[in-house]
Structures are given as structure tokens and as C-alpha cells.
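Report on one structure; see the data block that follows.
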């Protein structure tokens, strides 16, 4: 299994390939890159026993992160997601509660007063929407930690840093799967992280999150669906057929 774009043929060094374990099917294996990301997010966040944790965004990375967090002895695990289909998946994978971030009573339900902090010890911002980071700041408690796993690209984040952020001593942690925090790098090499990601796939079995399958020739339709109707999708995959067998 390579970490390559969707394609039929490629050239790669054997050292860059990941053999799929015999006890895992191909559809489970395709979640490996996102599971590695979820593992990295938890290593960066360092959840502790009895903490209240909020995960913002329940796309596939958010869902896998929620699934891993559900295995910790947390006091609370709450997810935020706009689309009902993904909220249902979040609860199925272990969230104690999954709320709509557009709900006008959201902050009251989370025990938060914007500008005065909330009750979350640890927040994962995985929505891909810069507004999610402002929500994370609003629900974090004093000395809380926010792991920013979203990739915003060229989108700018306008943040409320003038109220609770400084006096609350909230910590913002950047996370990106291509590297590990220096404090962990001596123990958590790439091979160890991937071994753990494979094991978490055995436990979570996320193939139930696949909502659509397309032939590679239908790629334009697949991307249009993701872009225009995200409420209908969780994980969209390409069903590859070996060359010469189509």
C-alpha cells in the first residue's frame, strides 16, 4: 500500500510501501493515512484521565479522532458537526454527545460563555473552517489546550484573542502528520506510529464510514459530490480495477 494519489500505476521504492496485514481487508486499509493522522493528533494533544474533550468537525479525520478518544477514560467526549449523517456516525464511533455548531444554544450546552471561557480541557479543531478555531477558543477552559489539526490553506482565521485567551493562558498546539513533536520524536518514529495506526484500524473497523464508491473514470462526479453535497458524504472512495480487467 503506497501513500500515493489515486492512480492505477506508479513507481515506488519497496521501502516506501506499507504491506497490508493479512487480517485487514483493503477497504479498512485505505483508512491508514487518516488513522495515522488521528494517532498523531492524540500524541500532540495528550488527553488525560478525567478530562473533558471537544472535537470540532466530524469528517473522516474527526471521526477517527473521536473513535480513538472514546477509548480513553475521559469525563466527557463531545463532538461538533453540522451534518446529521456525520453526527450519527460520531455517536456510533463513541462520542458521548454530538452537537450542531449552528445551534444557538451550543455554548450554553457546553457550559461556555464566549469571552469568558468554557469547560473543555482539550479541544481538537478539525473542521477545516477557520470559524472552528474561534469556537475552540470559546469552549476551552483556563489553561486549556487546543490542537489545530485543520488545514485552512489560503483561508484566514479571524480570532477573538482579546478577551479570554491571554488571561486564560490557553495553549494553541499546531499538528501535522508529516512530523512529530520534538519531545516525542525519539520514541515515536514513523514505523511505530504506523504500527499503532494499523492496530487502531483493527479496533475501530471504520469501513462503515464509506458512503460512496466511484470508478476512477468517474472522479469528476465524486469530487463534485463532495464539494456540492457534503451532507450526503462521509468517506468517498475510488473502486480500482486492475489494468486489463475492466
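Derivation of every value follows stated rules applied to the coordinates shown; laboratory data play no part. Please read all numbers here as calculations on a predicted model, not as lab measurements. Counting neighbours? That spans all protein chains shown, and the Cβs are built from the backbone with ideal geometry, glycine included.
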For this session: For residue 27 and residue 72, calculate 0.36 nm times their separation in residues minus their Cα-Cα distance, and state this gained length in nm to one decimal.
Result: 13.6 nm
Exercise. If the chain between residue 212 and residue 134 were fully stretched, how many nm would it gain, using 0.36 nm times the residue separation less the Cα-Cα distance?
Worked result: 24.9 nm
Seminar exercise, completed: Rounded to 0.05, the calculated FRET efficiency for the beta carbons of residue 166 and residue 9 at R₀ = 51 Å is 0.45
For this session: Could you work out how far helix 32-45 tilts from the main Cα principal axis of the chain, as a 0 to 90 degree angle to the nearest 10?
Result: 20
Problem set entry | Highest to lowest packing among 89-100, 31-42, scored as the average C-beta count within 10 Å | 31-42, 89-100
Exercise. Once the Cα atoms of helix 130-139 and of the chain are each reduced to a long axis, what angle between those two axes, in degrees from 0 to 90 to the nearest 10, is obtained?
Worked result: 40
Problem set entry | Relative exposure of 146, 49, 210, judged by other C-beta atoms within 10 Å (fewest first) | 49, 210, 146
Problem set entry | Cα centroid of segment 4-68 to Cα centroid of segment 131-154, whole Å | 21
For this session: Report the equivalent ellipsoid semi-axes for segment 102-246 in whole Å, largest first, defined as the square roots of five times the eigenvalues of the gyration tensor built from alpha carbon atoms.
Result: 35, 22, 14
Exercise. What's the angle, to the nearest 10 degrees (0 to 90), between helix 219-228's Cα axis and the longest principal axis of the chain?
Worked result: 10
For this session: Take the Cα atoms of segment 98-175, find their three principal axes, and give me the spread along each one in whole Å, biggest first.
Result: 31, 27, 20
For this session: Report the antiparallel proportion of the DSSP beta bridges in the chain as a percent, rounded to a multiple of 5.
Result: 5
For this session: For the chain, calculate the relative contact order in percent as a whole number, restricting contacts to Cα pairs under 8 Å that are 6 or more residues apart.
Result: 20
Problem set entry | Alpha-carbon spread of segment 40-103, three principal axes, descending order, Å | 29, 21, 19
